[in-house]
Amino acid sequence: MLASFQVTSVFTPGKLLILLQLVVLAWLGTLLIMNGVVKGQQLHEEILSQADDNKELHRRNQRLVSQVDALRSDDVLVVEERARKDLGMVKDDETFFIFVN
C-alpha cells in the first residue's frame with residue numbers, strides 16, 4: 001500500500017489575504033508619504049517665494065510712505081517737483097519744451 005501524504009501549504013487563503021493586505025497598505029503608505037514630502041517641498045518653495053514678494057511690497061510701501069510724508073510737509077519744493085513730474089505743470093514765467101526723437 002502506498003502511504004498518502006498530505007501536503008500542507010504554508011500559505012493558507014487567510015494568510016495570503018493578510019499578506020496581500022499588508023503589501024497594499026505598505027504601498028499606499030509609501031505613496032502617501034512620498035506625495036506628502038513632495039507637497040511639503042512645494043509649499044516650502046511657495047512660502048519662500050511669497051516671503052520675497054512680501055519683502056518687495058514692504059519696501060514699496062516704505063517708499064510710498066516717505067513720499068506721502070514729504071508731500072504732507074510744508075516743503076514747497078517737494079510739491080512743486082511732483083507737480084512738474086506727474087502733472088506736467090510749469091510756472092507762469094517758464095517755457096515748456098518737448099523733445100521728440
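The values are calculated or read from the model by the stated rules, or taken from the named source; none is laboratory data. Being a predicted model, the structure only gives us computed values, none of them experimental. Note that we place each Cβ from the backbone using ideal geometry, even for glycine, and neighbour counts take in every protein chain shown.
Determine whether region 31-45 contains at least one residue that is touching a helix residue (DSSP H, G or I) at 6+ places or on another chain (Cβ under 7 Å), without any contact (Cβ under 8 Å) to a residue 12 or more places away in the chain and part of a helix (DSSP H, G or I). Show your work before the answer.
The initial filter retains those residues of region 31-45 that are touching a helix residue (DSSP H, G or I) at 6+ places or on another chain (Cβ under 7 Å), namely none.
No.
Return yes when residue 14 is loosely packed, with under 10 Cβ neighbours inside 10 Å, on the phi > 0 side of the Ramachandran plot and not β-branched (Val, Ile, Thr) and no when it is not. Steps first, answer last, please.
On the way: loosely packed, with under 10 Cβ neighbours inside 10 Å: yes; on the phi > 0 side of the Ramachandran plot: no; not β-branched (Val, Ile, Thr): yes.
So residue 14 does not fit the description; no.
Give the residue, chosen from 65, 100, 79, that is at pLDDT below 85 and hydrophobic (A, V, I, L, M, F, W, C). Lay out the reasoning, then the answer.
Values: 65 fails: at pLDDT below 85; 100 fails: at pLDDT below 85.
Going through 65, 100, 79 in turn, the sole match is 79.
Return yes or no: is residue 28 over 33 Å from the mean Cα position of the chain (by Cα), among the hydrophobic types (A, V, I, L, M, F, W, C) and on the phi < 0 side of the Ramachandran plot? Don't jump to the end; show me each part of the working.
Numbers: over 33 Å from the mean Cα position of the chain (by Cα): no; among the hydrophobic types (A, V, I, L, M, F, W, C): yes; on the phi < 0 side of the Ramachandran plot: yes.
No: the conditions fail for residue 28.
Which numbered condition in (1) under 17 Å from the mean Cα position of the chain (by Cα); (2) under 30 Å from residue 96 (Cα atoms); (3) of a type in the set (Asp, Glu) is the only one that residue 69 fails?
Only one criterion in (1) under 17 Å from the mean Cα position of the chain (by Cα); (2) under 30 Å from residue 96 (Cα atoms); (3) of a type in the set (Asp, Glu) is unmet by residue 69, namely (1).
Could you run through region 50-100 and say how many residues are surrounded by 10 or more Cβ atoms within 10 Å (Cβ to Cβ), aliphatic (A, V, I, L, M) and assigned to a loop (DSSP other than H, G, I, E, B)?
Matching residues across region 50-100 total 2.
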